Amino acid sequence: MASGDNNFSITLDKFHVGLSPLAFQNSLTEYGSGGHASVMQNVDVVNGEYVTQGAGLANLTNGTQAGYVTELIQFIMDKAVSDNLTYAIGTSKLFSLSSSAVISDGAFPHTITGCTDGESIQLLKGKLFYFYNKASGGDIGTFNLATTFDDDWGSTVPTGATALENAIHPSDKKEDIIVFGNGRYAGTYINETTTLNTTKLDFGQDATVSDVLYNAGFWYLAVNSGISSGTNRTEGQIYLYDGAAIVSTLTDEAGVGMQKIGFLYRVNGVVYVAYQDLSSTGFIIGYLNGRSISPLARFTGTLPTFAQKTLYKNTILFLSSGSVYAAGAIVPELPFHLSQIADGGYATVGAIAAPFGTPIISSTDGSSNFRLAKFSGYDTSSAWKSIVFEVGAGKYKAMIDEIIVMTKTLGASARCDMKIEANQGVDIQTTAKQITTTGKRRHYFNNFGMTPGGIEDFRIALDWSNGSATNDCAIRKIIINGHFIQSV
């Protein structure tokens, strides 16, 4: 960073590294490289080459309370059932979705008799199975993909017909088998014999199956044990169960210890785990490594559930505290990163999925407003702040002489405002420098009007609130040049 006897130069680039590893506990962290962020709001670094505005949101046609979505959608199928068609479940209804609209065709939206809480959906052998809770207990409904619904199928039709527990019901399927969570139990449905067993595996009175995943011949069952409500600590285990789902014994297990598991997700054969340690800020995303979990990144927010994950550009998108996060790397040559990429809509988010390639998110304001929206254009409520760079030592402080910003060729109305935040964020540049002008790629700035006596440390703050939702202001590199001064 030093250049000559009295000068320094700092370059910010390689923004694909995302949030600093310590940003979760300190918004003024100095830990990281020139591409790491200490603070990030709705910013896209997944692209791997620059930092820019995250995706905006556009409501699906009829995707609000003014249309057909009058409740929070709890789960969205993450694949198309047929061309441009998938399904979702809310607190009382089953919905039919295209890539652009919530469909109303006489059959949909379908009100599920007695449903108070939709949970998950699976397609098996040409039939839709939907799991839900009622005021007391729960059930499984079926839809033949034509006109026939059987809302209480699980408790009345199959061999072993039984009501479900009133609990969360994550599920997954392979060939002709569905395995699902049912409170303390893991249940199975074998289509070949039309046999339902809602209590196939029993993990104990204080246990809850939080997610189910089929991978490479085994079912992975995430189980939390303990009192999960409030601020009570729970213990997480991941059990492996034979793919045939016939025996009542487990194959293997891996533990995360006194930490609560939110979801399991498979990418390229690797099983990722989101989990939370109540004794520390935020939660962790890691991967299953034999009988242990290898942590990858940590950040603040709420623990995402089985319905709050999807794949996007080879990264895991998930919901936390009303925001959308990305974890992973667009290509294997880049390091695993964590970033906050987009807003979730209203403050309370429900589910995320990308059945048609573009992420779709449900949310509510907790009152009478609901929305189902997809990524579209660019968000202007976007901001990024670098880590803090210490430039003062002993009797010396520093002055910033110039900053050169390299961008993509800017389109009309593309703009990002830049400020220097110095001395632990106390001294902030009064007037922002505007990174703008159609067709421009290199932007030169000086005369920042900072503390005359020099600064001890600084970070660069970027703000796209005056930018465009159509043409983004994507920044490739920032070069900060300055010199040291004697302050004492």
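Only the coordinates and a few stated rules stand behind these numbers; no lab work does. Remember, predicted model here, so these are calculated numbers, not experimental data. Please note: Cβ atoms are built from the backbone with ideal geometry, for glycine as well, and neighbour counts cover all protein chains shown.
Structural remarks
- With each label modelled as a point 7 angstrom along the Cα→C-beta vector, the Val247-Asp83 pair spans 4.5 nm.
- Helical contribution to [θ] at 222 nm, DSSP H n ≥ 4, -39,500 (n - 2.57), averaged over the chain, rounded to 500: 0 deg cm²/dmol
- 3J(HN,Hα) from dihedral phi, segment 122-131, Karplus parametrisation 6.51/-1.76/1.60, rounded to Hz, x for glycine, proline: 9, 9, 9, 6, x, 9, 8, 10, 10, 9
- You can think of it this way: the chain between Ala163 and Ala216 has 16.0 nm of extra reach, that is 0.36 nm per residue less the Cα-Cα gap.
- For the chain, the cysteines with no partner cysteine C-beta closer than 4.7 Å are Cys115.
- DSSP loop trypsin sites (Lys or Arg not before Pro) with at most 11 other Cβ within 10 Å excluded, longest remaining stretch of the chain: 126-290
- Reach of Lys174 by Cα under 25 Å, taken over lysines that are not fewer than 8 positions away in the same chain: Lys79, Lys125, Lys127, Lys200, Lys309, Lys313
- In this structure the amide hydrogen of Phe218, modeled in the peptide plane, comes within under 5 Å of no amide hydrogen from residues 5 or more places off or on another chain.
- 3J(HN,Hα) along segment 446-457: 8, 6, 8, x, 8, 3, x, x, x, 10, 8, 7 Hz, from the Karplus curve 6.51 cos²θ - 1.76 cosθ + 1.60 with θ = phi - 60°, whole Hz, x for Gly and Pro.
- With neighbour counts taken as other beta-carbon atoms within 10 Å, the residues His169, His16 rank, fewest first, as His16, His169.
- The chain: relative contact order as a whole-number percent, Cα under 8 Å and 6+ apart: 17 percent
- Rounded to whole numbers, the Karplus 3J(HN,Hα) couplings from phi for segment 265-277 are 8, 9, 9, 6, x, 9, 9, 9, 9, 9, 8, 9, 10 Hz, using 6.51 cos²θ - 1.76 cosθ + 1.60 with θ = phi - 60°, and x at Gly and Pro.
- Bridging of Lys260 to aspartates and glutamates at a Cα separation below 16 Å is possible for Asp206, Asp211, Glu235, Asp277, once same-chain residues fewer than 8 apart are set aside.
- Relative to one another, the C-alpha centroids of segment 426-488 and segment 315-331 are positioned 28 Å apart.
- If you wrap the tightest convex hull around every Cα atom of segment 391-488 and split its volume per residue, you get 86 Å³.
- Remark: spin-label model distance Leu28-Asn6 equals 2.9 nm, labels positioned 7 Å along the Cα→Cβ axis.
- Straight-distance crosslink candidates among aspartates and glutamates, where the alpha carbon sits under 14 Å from Lys395 and sequence neighbours closer than 8 are dropped: Glu456, Asp457
- Of the chymotrypsin sites (Phe, Trp or Tyr not before Pro) in segment 255-343, not one is in a loop by DSSP (not H, G, I, E or B) with at most 10 other beta carbons within 10 Å.
- Percent RCO, i.e. relative contact order, over segment 56-296, from Cα pairs under 8 Å lying at least 6 residues apart: 9 percent
- Per-pair calculated FRET efficiency, R0 = 45 Å: Thr148 and Gln65 via Cβ, rounded to 0.05: 0.95
- Paramagnetic reach from Glu49 (point 7 Å along Cα→Cβ, amide N under 14 Å) across segment 400-420: 407-410
- Amide H to amide H distances under 5 Å link Thr61 with Ala101, Val102, where only residues 5 or more positions off or on other chains count and H is placed in the peptide plane.
- Proximity of backbone amide H atoms, modeled 1.01 Å from N, is registered between Leu124 and Phe129 at under 5 Å, excluding neighbours fewer than 5 places apart on the same chain.
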